[in-house]
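For reference, the structure is listed below as structure tokens.
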Amino acid sequence: MTEYSDRVREAVTARRKIEAIKLLREETGMGLKDAKHAVEELERSLGLPPASAGCSGPISMIGLVVAAVLVYRYFAA
């Protein structure tokens, strides 16, 4: 198991994953893939929920609006 510095732990708990990966790579010389996996493992060990995809909420909202418009046009005709 990897030892994590306070800076890496702080970045992970603040949900700054890219910064945490960068810090871990600088501190350990770890490769990108290994650092990413290590940060994700730290997230899991701290009980943090996985980060959202980011755009799923807005895309769902657009889908609902389009569906509402179609339903309205169908019944208004």
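Values in this text are rule-based calculations from the coordinates and carry no lab data. Bear in mind the structure is a predicted one, so any value in this text is a computation, not a measurement. Heads up, the Cβs are rebuilt from the backbone with ideal geometry, glycines too, and the neighbour counts pull from every protein chain shown.
A few comments on the model shown:
- The ranking of Arg25, Arg7, Arg44 by Cβ neighbour count inside 10 Å, starting from the fewest, reads Arg44, Arg7, Arg25.
- Option label - semi-axes √(5λ) of the Cα gyration tensor in Å computed here, alternatives [x] 24, 15, 10; [y] 46, 14, 11; [z] 43, 11, 9: [z]
- Dipole check for the chain: with +1 at the C-beta of Lys and Arg, -1 at the C-beta of Asp and Glu, and the Cα centre as origin, the magnitude is about 400 Debye.
- Value of relative contact order over region 6-76, rounded to a whole percent, pairs C-alpha under 8 Å and six or more apart: 23 percent
- Of the peptides 66-75, 14-23, 29-38, the ranking by mean beta-carbon count within 10 Å, highest at the top, reads 14-23, 29-38, 66-75.
- Positive minus negative residues near Tyr4 (Lys, Arg vs Asp, Glu; Cβ under 12 Å): -4
- For the chain, calculated [θ]222 nm from helices alone, where every DSSP H run of n ≥ 4 adds -39500 (n - 2.57): -23000 deg cm²/dmol
- Rounded to 10°, Cα long-axis angle of helix 56-76 versus longest principal axis of the chain: 0 degrees
- Options Thr13, Phe75, Gly57, ranked by Cα towards positive dipole end of region 6-76, top entry (Cβ charges): Phe75
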